[in-house]
Structure formats: C-alpha cells, structure tokens
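The values are calculated or read from the model by the stated rules, or taken from the named source; none is laboratory data. Bear in mind that the values here come from a model prediction, so they are computed numbers and not experimental data. Positions of Cβ are generated from backbone atoms using ideal geometry, with glycine treated the same way; all protein chains shown enter the neighbour counts. Just so you know, the surface numbers come from the protein's heavy atoms only, side chains and all, with ligands and any DNA or RNA stripped out. Shrake-Rupley method; radii C 1.70, N 1.55, O 1.52, S 1.80 Å.
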Protein chains: 2
Amino acid sequence: MTALSRVNAHWTTSDYHVSRRGIPAVSVKWDGEGSEVNATSADVARHAGVSRATVSQVLNGYADRFAPETAAKVYASAEELGYEPSAAGRTLRRGSSDFVVALLPHTTFGGHLQDLFEQMSVALADHGYTLVLRIAGAATATLDRLVAGMKPAAVWSFAPFTDDERAVLDRRGVLAIDPPSVTQVDHNRAIGQLQARTLIEHGYRRLAFAHLQDERHDPFGFAREDGVREVARQHGLDEIDVTNVALDLDSAVRALDGLSAPGVAVAAYNDDVAMALLSAARLRELEVPRDLAVIGMDRTDLSRIAVPRLTTIEYDIVAASEAGTASLLQALGAGAPQPAAAPAVLHLIEGETI
Amino acid sequence: MTALSRVNAHWTTSDYHVSRRGIPAVSVKWDGEGSEVNATSADVARHAGVSRATVSQVLNGYADRFAPETAAKVYASAEELGYEPSAAGRTLRRGSSDFVVALLPHTTFGGHLQDLFEQMSVALADHGYTLVLRIAGAATATLDRLVAGMKPAAVWSFAPFTDDERAVLDRRGVLAIDPPSVTQVDHNRAIGQLQARTLIEHGYRRLAFAHLQDERHDPFGFAREDGVREVARQHGLDEIDVTNVALDLDSAVRALDGLSAPGVAVAAYNDDVAMALLSAARLRELEVPRDLAVIGMDRTDLSRIAVPRLTTIEYDIVAASEAGTASLLQALGAGAPQPAAAPAVLHLIEGETI
DNA sequence: TTGAAAGCGCTAACAG
DNA sequence: CTGTTAGCGCTTTCAA
C-alpha cells in the first residue's frame, strides 16, 4: 500500500503527447480489415440481415422474443463489429443515461479509496452501468452542469451530500444516494467506541479524544468523539478530554501539553494524528505507553513501521463497499440480492502504544 | 493535508438513503413557480419568442450574428429557466461530447491529486468541458465501453497509457493525451539528480538509492535511480548502491543491513521509504545523519513531524497541473495561451536527516 | 416473430 | 438577421 505516496512526476506543456487515430469516413465495410470502429446499431443490423429494432431488442435483454438463430446472428454481428451502443442515442431516447456518478469526498482520499471504486466499477458494469468519478468539493455549479448534461442514472456519495449538492440533485430530479447522516454518525460512533473499549480493557481510566484539525470539513470526528465519551461514561470514568491536532509538531506538542499527561490514554482521529502525538511525546521525553497511551485509526503503513508500532483500527473498505454497491444497485432497480449480513469491517490491530 | 488519512466510515446496505424528486411531466410552464427543471432549448426558445436555432447559435458563441436585444432575450430566458444543454443531444449531433476523461493512476494516489483535478475541472469548465475521472487499470473493457459510449472530447492521463489503453483509444478514434514515456523519465531523472546533488553538497561521498518495493507497477523509480547515478558519476563518486524497501520494518531493516552503513547517504523513492529507513536505523541504533543520511521525496505531513525532520523534496502539483491543462486545452483546440515558461515544481525542503 | 415509424434535444446548412 | 429543415443513434410502440 502506498497511502502516503504522492504523485511525483512533472512535465511542461510541450511534453505532452497527443494522438488521434484517423476516423474512417464510413463506419463499416464488409468486415474488411481488422476490427471496425464505432459501429452503429444500424451497422449491426445490416451485417446481421435484420432491422435495427431487432438489434435493439435482442441486445437489451429481450432476446427471447425472437427466434434463437435471429438472436445468435445479432450477437455475432455485434461482436464482430465491436459494437458498443452510443450512450448519447440511448440517453436521448430514454431520458437518462447508464452513467453513475460517484462523488469523491475531498476530506479523505486515501490509497484505499480506489479499491472501493474499482469494486464498484466492476459490480456496476455487470449491470450495464458505468461509474464515473467527480471531486465532491468542486463548485456545485459544475455538478449542476454535469447532472443536467449527463443525466446520470444516479449520483452516489460516500459522505452525506452537502445542502448545495442536495439542492442541485433535487432540482434536476436525479436519483441521489448517500448515507444518511444519522447512520454515518452511528458507524463512526462505533469506531470511537471500539477505541475506548480497547483502551479501557488495557486498564486506562483517563481517556481523551484528539481531533484532526484540518482546513477541510471533517464529517466524522464528532461522532467518534461521542463514541469514546459514551463508553467512558458507561464505565464510570471521568469526562474525557478533547483536543485538536494539526499535522505539525508544534500543534501536536501544544495538544499534548494541554492533555495533563502523563497517564492519559488518547483515542486519535486517525493514524496521522496518533503519529503526531507520538512524536510530540518523544520531544517531551514521555515514555509510551507508560506516560502516554495512543490508539489510532486506519492502520496506515507508517503506523506499522513506527517504533513502537501504533495500536490502531483497520477498516475493511472493500467489505464495506460491497454493501454500498448493493444498496446502489437496489435503488437502481437492478435486483441485486442483499448480502446476508453486514460483514465485519472494523479490526483491532495490535501494537505497542497502549 | 491528510495524505495519510483513510476512508473511515462504514455502513450496511439498509443504511443508505435514496431520494428522487418527482420529475414534472411537462417541462416548462410560464415560469409559474420557482425554477424549472430540465428545460430544453425549445423551452428557452418559446420563452424568448425566438426559434430553437437562434437559441443554439446564441448560446454557442455566435451571438454576434444576431441583434443584441435578441441575444439578450435568449440569455435571459436560459437563465430564468435554469437551462443546461443536454449532453446527449449535443453529442448525438456533433459526434463527440464535451466530457474529458482523466485516468487516475492506480500507483500513486496521494492527497494532492485532488488538487490537480480540481484545478483541471475549473480550467476545463471555463472552456465548456466537463472533467470526469476513471480509475486507470480497471479492466480496459470498461474503458472501451466508456469511450465508445460517452464519446469524450479527449482522454487524458497523468502517467503514460498502457498498451491496452492505447489500443482501445486508437480503435475508438478518440483524442488521447499522455506524457510520452521519454519525458516522464527525464523529469523523474531530475528528481533523482536533485536528491543526489543535495546529498553531495552536504559532503556525502557514498550514495545509494532505495526503491519502493510494491506490488503495484512503479513507472518512476528507475528514472530517479538513474538521476542519482548520473550525478554520482559526474562527481567521480563510487557506483551507487541500490536497494528495495517494502513498507514494513523487517524489509527496511534488511535493506539497511545490506547498505554497508554507517556512512552511506540514501536517496529514497519517497518519504514513506525514507521513514521506513529511519525507523530501521533507530532499531539498529544508528545515528541520523551521522551514520545514515536520508533524503526523501514528496514532503508528506508525517515527514515534517518525524524527529528528526526528514529532508525531502516537494513537488508542486498544482503548478505542474497547469501546464498539463494547457496542453490539454491546446489539443482540444481551445486556444489557451501557453504559459511563458514552465514553473519550478521541485523544491528542496530542509530537515535534519542529511 | 419481425419491421416501420416516430421522436428524444441538439446543431449546421441553407433559405429567406 | 432569423427561421426551417434534416438528421445524429437509439428504443418503443404499433402494425404486419
């Protein structure tokens, strides 16, 4: 995994390489040479000796209305010509396209997000949908253009829609799918709860939560904090401390100084925050975990490399995404059977920091 | 920045929230109540008291062919009705859409990539294009479907296209833009050179390069290694050592043991690799930078938090992306003036590890 | 069991 | 200066 790894090439304008193959003036000959480009359904029909209507029907799942050999001819013809239906034509006729737009959250954009989208891409492709991605934070005006222009079958978001996004999607009448904030909160709460329970099991009685202090909007931190607090109360502990950590050493040291360490056990928003606190502890010559205990969240590669290794929680994004995909397909009316039960997605990763 | 931060919510199928606003049967009344959804150019024309052709012309940059007040009526009408042209209709007519597909490299997917795409989104939107993202590396069959169906104005890639991708794009006759591998190599070479020069300026005479050993394809490492080697030779140093580091402690320790430290100065593929080596050095009780010098690449947040702070190189992705966007627009025929000179994109970040 | 015809929204050529 | 017309590729009645 290379969650940390950044993009790392650069170029100048003149360095780019542009190519476009000559587009043949007429689309299809008699299968003359090599595979053809951009065959239309009319081409397929002619090649198969049937009408365009027949091609359309057969290729859209109504093959059983036709004689088997007719259907076979159509399939063969489409295959030979490398036919892919034009999204434009179909969209125009049907009123909405087969594209599904997924909004990429700007907040969390780790290395594993692509695994999620890859899983979704494949699952959706099986049902004839094509997944495209959009940066969520980008101006909602361009979202409006995208939705109005592309007429996607659905817009899906990993994080709850902002009010602006919601307004645009409603106005354009597009199927909009996001996790309702309530549940999102509950699940993030579960993360906080797991962190707190783990700390308490290890004997800690003074808990704290360290937020990531970031310029970007953080939709998750407060729910996690609540999860920690809740468990602390259930165990009759003192009210938890709450602090903010930006990803620089000064900020981490300041946060640590405010924490009335030694002896406190911190649930960190994520592994970055946890690592920052560990560095701060080292500067202050606190011993981990004796003087300061820390549990992270995410199981980044670097958290495993740290000395001592960070105790953290792993989130199985692929397992989680399968559930998300299922709900998306269900909303689209593509009868995906529901998975029997939600799979476990949270795993405690042992380290030496608690 | 939260390059490290992973996605961190989870959900089950039943948790998702689905909504679709009722779509009005008829698109436009006499501007009766609130803004209308999905007005067509015919609606705009009727509302403005002109023909559809006039609307089309005015809205596509030929307003000067008409009387000023006619154009004004059209603009006002479109505005009032919230008109966004249908991509499907336009695509059908024109043969290609206004979408530009950007392929997301699977290899490097750091937190800053979204800044790049945001910059591109805005720049393209100014010229009437809409950027959508695709995970590269996902089955090329779905790329084929996407290209054949969406008929994008261009497909742009940050990393050179694979042969499969190139074949699909050629076959569909779509404008394909990627950095040619030669230049890509040269620029990565510049990164290696800068690392080596920096180490040498600090007095080191025995250099090494540490690759990231990763399951994913690494298109950049070898060029960087070459850059380091080249500078080492120019300065008459011994041949450089080369090693591989996976992102776990065992691997890093093994690599370090093979390096004939103490005394060696390592140019790391990226900050992750550098951090792994620093952890290994700590385990082996080597003192940094006396026994082991390390320079990274990327300037991750955690590299700044490390004690001692990592000396590294920052890559200004937004400056770099501007050049990329310019070349894209140029290829699209949207006459973007070339930036005068390529901006500096590589910056040395001082730390205490060399 | 299959085909003919209409029309989705748009733009380009041409006519007035 | 502006409008009429045709047709991009597809799917969906409806008729044969």
Sole residue being modelled with pLDDT of 95 or more and within 30 Å of B:Thr162 (Cβ to Cβ), chosen from B:Ala267, B:Ala252, B:Ala293, B:Ala223: B:Ala267
Qualifying position, being more than 10 Å from chain A (Cβ to nearest Cβ) and either surrounded by 16 or more Cβ atoms within 10 Å (Cβ to Cβ) or at pLDDT below 90 (or both), among B:Gly192, B:Gly203, B:Gly258, B:Gly173: B:Gly192
Pick from the range B:51-79, criterion more than 8 Å from DNA strand C (Cβ to nearest atom) and within 14 Å of chain A (Cβ to nearest Cβ), ranking: surrounded by the most Cβ atoms within 10 Å (Cβ to Cβ): B:Ala78
Of all residues making up the range B:309-347, the number that are closer than 30 Å to B:Leu278 by Cβ, at pLDDT 85 or above, in a loop (DSSP other than H, G, I, E, B) and open to solvent by 20 Å² or more (accessible area, probe 1.4 Å): 1
Candidate set from the range B:118-129 (those that are farther than 15 Å from B:Ala323 by Cβ and surrounded by 21 or more Cβ atoms within 10 Å (Cβ to Cβ)); member that is farthest from the other protein chains (Cβ to nearest Cβ): B:Tyr129
Residues being within 11 Å of chain A (Cβ to nearest Cβ) and open to solvent by 10 Å² or more (accessible area, probe 1.4 Å) - total across the range B:286-300: 1
Selection within the range A:94-106 - modelled with pLDDT under 90 and open to solvent by 30 Å² or more (accessible area, probe 1.4 Å): A:Arg94, A:Gly95, A:Ser96, A:His106
Which listed residue, of B:Leu124, B:Leu92, is within 24 Å of A:Ser97 (Cα to Cα), within 9 Å of DNA strand D (Cβ to nearest atom) and out of contact with any Phe, Trp or Tyr (no Cβ under 7 Å at 6 or more places or on another chain): B:Leu92
Filter pass, A:Ala25 being modelled with pLDDT under 65 and either more than 10 Å from DNA strand C (Cβ to nearest atom) or in a loop (DSSP other than H, G, I, E, B) (or both): yes
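Looking only at the range B:43-68, count how many residues are more than 10 Å from DNA strand D (Cβ to nearest atom) and of a type outside the set (Lys, Arg).
Selection size over the range B:43-68: 6.
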Output for the range B:80-107, where each listed residue is within 7 Å of chain A (Cβ to nearest Cβ) and in a helix (DSSP H, G or I): B:Ala87, B:Ala88, B:Gly89, B:Thr91, B:Leu92
First in the range B:88-103 and of a type in the set (Val, Ile, Thr), second anywhere and within 14 Å of DNA strand C (Cβ to nearest atom), Cβ under 6 Å, 6 or more apart: B:Thr91/A:Ala88; B:Thr91/B:Ser97; B:Thr91/B:Lys151; B:Val100/B:Tyr129; B:Val100/B:Ala153
All positions within the range A:140-164 that are closer than 27 Å to A:Ser86 by Cβ and not in a loop (DSSP other than H, G, I, E, B): A:Thr142, A:Leu143, A:Asp144, A:Arg145, A:Leu146, A:Val147, A:Ala148, A:Gly149, A:Met150, A:Ala154, A:Val155, A:Trp156
Single condition B:Ala267 does not satisfy, out of (1) farther than 20 Å from B:Asp301 by Cα; (2) within 14 Å of another protein chain (Cβ to nearest Cβ): (1)
Cβ-Cβ under 6 Å pairs, at least 6 apart or on other chains, the range B:292-313 side over 26 Å from B:Ser260 (Cβ atoms), far side modelled with pLDDT under 90 and crowded, with 24+ Cβ neighbours inside 10 Å: B:Thr300/A:Leu4; B:Thr300/B:Ala3
Test: residue in the range A:122-139 that is of a type in the set (S, T, N, Q) and assigned to a helix (DSSP H, G or I): no
